[in-house]
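The block underneath contains the structure these notes are about, expressed in structure tokens.
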Amino acid sequence: MAEDKYFYFKDVSLYASRRRLPYLMKWRKDLFSLEVEEEVDFRQRISLDIYKFYQKDSKPASTQYTKVVPVIKEVFLSHYTLAVKYIHETPIDDGEFYLYQHSKDWFDIYYFSRNEKDRRNIHIDFRDSIEDLWITVYATAGHKGRPSSRKNGEVITEERFRQFLNLTIQYFYDPDSVATLLGDYIKNFKLLCEGDTKIEGLIISVSKAFEDIFKQLDSRKEYLEKRLIENDGDSNIDRAKFRGELEGIGYAVKVININK
């Protein structure tokens, strides 16, 4: 099986209007890329691209427009887990809920809050094309997409919307399982699109996920600190890499402590 790798992306385009917000990626050669926004307090976005019938074997690299640097798994997880947590905990009132079907394999699911003074929306974008499958879930401020949803979408119940959202959160909960659970997710998602089919949910323990991340971070931190102190045989390049990884671990812990 191909090894998972993790990266941080930051646009460096001279044109501010063309810049994407910084994000992190879990990447597996010839199979998928899984993205999460860096600024999880500002916007929660999780996006998965599954490669079906084409090869994407070259790993992400910097260009004149985008800076790409490798990061450790725990840095990715510190942001990813928070994004899942925040989306899962987004308050949902008796607002507006829509299913917008563009084609037989492209669906948008929307929620727009009722409170005009505190506008919120949740959006699930599901596209199952021949070449790849793309699933994105957003939780953001504002009511972007509401006019077109009102015009072209089917009004659905809050209960049905929650079924879509819970199914998607369950699917994305464990980033190591997005490939193995894909078939069940697609099947259940399309059943929900056909009607009010009820999908039984899983119990999500966000606190357990944080505990696991902290254990992994502490273990790796202890190893690196011990090696830097006790092993004089490492090259200067290796020691610089270890110190950089320690800084990354410190950053990941800070992100979790601030936001959990």
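The values are calculated or read from the model by the stated rules, or taken from the named source; none is laboratory data. Only a predicted model underlies this, so the values are computations on that prediction, with no experimental measurement involved. All Cβ positions, glycine included, derive from the backbone under ideal geometry; neighbour counts span all protein chains shown.
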Any hit, the stretch 158-174, residues being part of a helix (DSSP H, G or I) and of a type in the set (Val, Ile, Thr): yes
Residues that are of a type in the set (Ser, Thr, Tyr), in contact with a strand residue (DSSP E or B) (Cβ under 9 Å, 6 or more places away or on another chain) and surrounded by 17 or more Cβ atoms within 10 Å (Cβ to Cβ), drawn from the stretch 141-176: 149, 168, 171
Scan of the stretch 93-130 for residues that are buried (at least 16 other Cβ atoms within 10 Å of the Cβ) and not in a strand (DSSP E or B), ordered by number: 95, 113, 119
Subset of the stretch 57-91 [among the basic types (Lys, Arg) and more than 26 Å from residue 242 (Cα to Cα)]: 85
Count of residues meeting criterion [exposed (fewer than 13 other Cβ atoms within 10 Å of the Cβ), modelled with pLDDT of 70 or more and more than 30 Å from residue 251 (Cβ to Cβ)] in the stretch 181-216: 4
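Among the residues of the stretch 4-25, is there at least one that is hydroxyl-bearing (Ser, Thr, Tyr), modelled with pLDDT of 90 or more and farther than 28 Å from residue 144 by Cβ?
Yes, that holds for at least one residue.
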Pairs with Cβ under 8 Å, 6+ apart, first in the stretch 205-230 and within 28 Å of residue 173 (Cα to Cα), second among the basic types (Lys, Arg) and modelled with pLDDT under 80: 210/260
Residue in the stretch 77-87 that is assigned by TED's automatic domain parsing to the domain that holds residue 14, assigned to a loop (DSSP other than H, G, I, E, B) and modelled with pLDDT of 90 or more present: no
